[in-house]
Amino acid sequence: MPPVLPYPVFIDSHVIGGFGRGSSDLGIPTANIPPSDFLASGIPKGQTGIYFGFAKISGTYGTLVRHPSPEDDASKPPSTEIVQTEKPILPADGVVLPMVMSVGWNPFYGNSEPSAEVHIVHKFVDQFYGADIKLAVLGYIRPEKNFESVDALIEEIMTDIRKSKEYLAEDGFKLIESSEFFK
Ligand code: ADP
Ligand code: RBF
Ligand code: MG
């Protein structure tokens, strides 16, 4: 099956800090991007939910410094700063990898601001805040849901990852991996 319009949607963005829960609560890190880059991408506005596609990380990255304050509202991401270290990203720099992306308000956590976050199906040796991230969004998996427990959320994300890998192995999707966008 090839991607169906409006896909493929290409997004050229960079990695920012999020809520800091992906790795700590779920064991599933997600590289957050500015939600405005998702909104500007051509995907129908307001279409929150879970998407699949390919991602490529490149450039240099830094360390995320969080600036928590007593006035912080838990439903909004804390203030952060990326201190660049100018290190290349190894060993996945420039490699096109499968991804799943979650866009919206995370009903399980009740966020008051939308987020756009990408879990790349790859074991990275380091974090890569501030790096360039190129995304080819190739389809929609499901709307965001609420869950009874963290374990139920994790199980659903594992199913999303399995589906993404399955879809991307099909010829029509696989072609995008070698597209000009990722060169
Ligand atoms: P945050 O809330 O700041 O996004 P996370 O716990 O979600 O925190 O961790 C995300 C960071 O982990 C990403 O910004 C990225 O630098 C790093 N990371 C490591 N492995 C991955 C991966 N497989 N997919 C996405 N991000 C990853
Ligand atoms: N959060 C939800 O509240 N509901 C969801 O249905 C949901 N699905 C997700 C699917 C994927 C593939 C990923 C990567 C994340 C999803 N999340 C969902 C977001 C999750 O709550 C978030 O990654 C953590 O809160 C860390 O920011
Ligand atoms: Mg994240």
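Observations on the model:
- Positions within region 72-99 being open to solvent by 60 Å² or more (accessible area, probe 1.4 Å), among the aliphatic types (A, V, I, L, M) and part of a strand (DSSP E or B), in sequence order: 83
- Residues being touching a His at 6+ places or on another chain (Cβ under 9 Å) and either small (Gly, Ala, Ser) or open to solvent by 20 Å² or more (accessible area, probe 1.4 Å) (or both) - total across region 100-128: 1
- Residue 11 being within 16 Å of ligand 2 (Cβ to nearest atom) and modelled with pLDDT of 85 or more: yes
- Members of region 17-50 that are more than 8 Å from ligand 1 (Cβ to nearest atom), out of contact with any helix residue (DSSP H, G or I) (no Cβ under 9 Å at 6 or more places or on another chain) and not small (Gly, Ala, Ser): 33, 34, 35, 37, 38, 39, 43, 44, 47, 48
- Residue count for region 146-162, restricted to those that are over 17 Å from the mean Cα position of the chain (by Cα) and within 20 Å of residue 114 (Cα to Cα): 3
- Pairs with Cβ under 7 Å, 6+ apart, first in region 104-125 and at pLDDT 95 or above and of a type in the set (Lys, Arg), second part of a loop (DSSP other than H, G, I, E, B) and surrounded by fewer than 19 Cβ atoms within 10 Å (Cβ to Cβ): none
- Checked against (1) assigned to a strand (DSSP E or B); (2) at positive phi, residue 32 passes all but a single condition, namely (2).
- Any chance residue 55 is under 24 Å from residue 4 (Cα atoms), modelled with pLDDT of 90 or more and open to solvent by 60 Å² or more (accessible area, probe 1.4 Å): no
The values are calculated or read from the model by the stated rules, or taken from the named source; none is laboratory data. Since this is a predicted model, take the numbers as computed values, not measurements. Heads up, the Cβs are rebuilt from the backbone with ideal geometry, glycines too, and the neighbour counts pull from every protein chain shown. Calculation scope for accessible area: heavy atoms of the full protein, side chains included, ligands and nucleic acids excluded. Shrake-Rupley method; radii C 1.70, N 1.55, O 1.52, S 1.80 Å.
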